[in-house]
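A short worksheet on the structure shown next.
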Amino acid sequence: NVGSGRGDARARMMAETIKSALFVDYDSFHRSQDDENGDVAERLAQTSVAWVSAIESGKLIVPASENGARRRVLIRRCYADPGLLGLHRSALIASGFEVVDCPQQPGRKRNAADLHMVIDTLDALDHPAGYDEFILLSADADFTPVLLRLRAHNRSTVIYGDEAVSGAY
């Protein structure tokens with residue numbers, strides 16, 4: 001009977017956990033803040049342990065559920081030009097991020113990080129983990145089609161947006 005109680009408690013705990021996937025476009029932060037404050041992207045990398053913890057605890061992003069559910073970020077993926085990311089790669093890896101190299105191609109102003117994010121987001125829709133929520137951190141305003149697709153699949157979404165980007169969403 002004690003074992004049954006543990007199973008029930010574990011089931012309640014699992015039911016109260018929001019399974020999240022976190023995708024970060026590092027280069028977009030670097031581009032968006034370059035003129036104003038060039039170290040924003042670097043601070044993002046160096047403080048990743050703290051802000052991911054704040055996301056999971058609900059201090060930075062309040063869970064959509066009102067029943068006291070706790071968020072658990074199961075996928076942490078950062079997309080970056082290796083030359084731009086440089087030594088900050090180790091800070092992201094130490095905080096559990098998989099870093100996807102997206103070098104800038106010759107003759108292009110941007111890399112393909114947003115394309116990689118879209119593909120990985122759509123792949124995660126069918127993942128056996130059954131992600132409840134997708135968190136996209138990007139200073140670009142071109143993720144509207146992905147957000148619509150996630151909503152059509154009844155998934156919660158959170159997207160970073162400053163004043164310049166928020167109007168697009």
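The values are calculated or read from the model by the stated rules, or taken from the named source; none is laboratory data. Here the structure is a predicted model, which is why all the values come from computation and not from measurement. Don't worry about glycine lacking a Cβ; one is built from the backbone with ideal geometry, like all the others, and counts go over all protein chains shown. These accessible areas exclude ligands, DNA and RNA; they are computed on the full protein's heavy atoms, side chains included. Shrake-Rupley method; radii C 1.70, N 1.55, O 1.52, S 1.80 Å.
Would you be able to say whether some residue in the stretch 73-86 is free of Cβ contacts under 8 Å to residues at least 12 places away in the same chain, not β-branched (Val, Ile, Thr) and not in a strand (DSSP E or B)?
Restricting attention to the stretch 73-86, the residues satisfying the condition of being free of Cβ contacts under 8 Å to residues at least 12 places away in the same chain are 86.
If we keep only those that are not β-branched (Val, Ile, Thr) as well, we get 86.
Remaining after also requiring not in a strand (DSSP E or B): 86.
Taking every residue of the stretch 73-86 in turn, at least one turns out to be free of Cβ contacts under 8 Å to residues at least 12 places away in the same chain, not β-branched (Val, Ile, Thr) and not in a strand (DSSP E or B).
Does the stretch 64-79 contain any residue that is open to solvent by 50 Å² or more (accessible area, probe 1.4 Å), at pLDDT below 90 and among the hydrophobic types (A, V, I, L, M, F, W, C)?
Yes, that holds for at least one residue.
Kindly indicate the residue of the stretch 91-108 that is part of a helix (DSSP H, G or I) and open to solvent by 80 Å² or more (accessible area, probe 1.4 Å) and also farthest from Pro145 (Cα to Cα) among those meeting that condition. Walk me through it before giving the result.
Let us first name the residues in the stretch 91-108 that are part of a helix (DSSP H, G or I), namely 91-94.
When the remaining residues are screened for being open to solvent by 80 Å² or more (accessible area, probe 1.4 Å), the result is 93-94.
On the way: Ile93: 29, Ala94: 32 Å.
Per the stated criteria, the residue is Ala94.
What is the one condition in (1) open to solvent by 50 Å² or more (accessible area, probe 1.4 Å); (2) of a type in the set (S, T, N, Q); (3) assigned to a loop (DSSP other than H, G, I, E, B) that Asn111 does not satisfy?
Here Asn111 clears every test but (1).
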